[in-house]
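Peer 1: The following block contains the structure, expressed as structure tokens.
Read the figures in this text as sums done on the coordinates, not as results from a lab. Note that the structure is predicted; figures quoted are calculated from it, not measured. All Cβ positions, even for glycine, are placed from backbone atoms using ideal geometry, and neighbour counts span all protein chains on display.
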Amino acid sequence: MRPRTGQHRLRTRPTSTAENITHAKTARHPALTPGLCRQGACAIATEEPAFTVSLSEGDFEVRDYPALIVAEVTVTGHRKAAASTGFRLLAGYIFGGNTARQNIAMTAPVMQGGSDGQWEIRFIMPQGSSLATLPQPNNPMVQLKTGPPARMAVVRFSGLARQDRIAAKTADLHDFVTAQHLRAIGPAALAQYDPPWTLWFLRRNEVMIPVASAATG
């Protein structure tokens, strides 16, 4: 996915613009991987999953993603604390906490979904990964899964991903889905692209909602 930074205006009028763009897997400005800065050197994660855009309207898009391999943990508690715990567990897996003691490249975004005190945090595995080739996690809380190809309605926003902003953007995205005569087929998820030390006004966030593809109606 191609990063977009800075402030974004909300949609002010409908358009009929449709695109069919294949996005690069690398970011314009790479995200620094948390926890890897040592002695002034930082590991950089540039890979993001490829997708195509079938509709673009201001900060809103409809994207088609291929099947993706993810590492996932389920954590209970307050969203922010659960996200932090989930990140540490997943980071442990990719930074050698696996049966091969292998480092796996950090990618973006970090995904989180769920509600009512139960949250799923996901790292997307690098391109070319498969369940057959990835090492097994040492921690049984970390699960490797294959996600099917998916069509996602997406809204971008910058700044801090506070709960009130997430709720507002989720409501905006549901309005967009309705206006475009799309059908949501799952709950919203939050995608975050930047490490926690990124200046608040440079942070890139997205809310995503899975919608039915043309084939499934």
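Peer 1: Would you order Asp194, Asp59 from fewest to most other beta-carbon atoms within 10 Å of each residue's own beta-carbon?
Peer 2: Listed from fewest to most nearby Cβ atoms, that is Asp59, Asp194.
Peer 1: Then there's this: Using only alpha carbon positions, build the gyration tensor of the stretch 68-147, then give the equivalent ellipsoid semi-axes as the square roots of 5 times its eigenvalues, largest first, whole angstrom. Display every interim value, and only then the final one.
Peer 2: Numbers: eigenvalues 89, 32, 22 Å².
For the stretch 68-147, the ellipsoid semi-axes come out as 21, 13, 10 Å.
Peer 1: Next up: How big is the stretch 110-169 along each principal axis, measuring the range of its Cα positions in Å and listing the largest first?
Peer 2: The principal-axis extents, from largest down, are 40, 26, 19 Å.
Peer 1: A further question on this structure: Hey, could you grab the Kirkwood Rh for the stretch 71-217? Inverse mean 1/r over distinct alpha carbon pairs, Å, one decimal.
Peer 2: About 16.4 Å, per the Kirkwood formula over Cα pairs.
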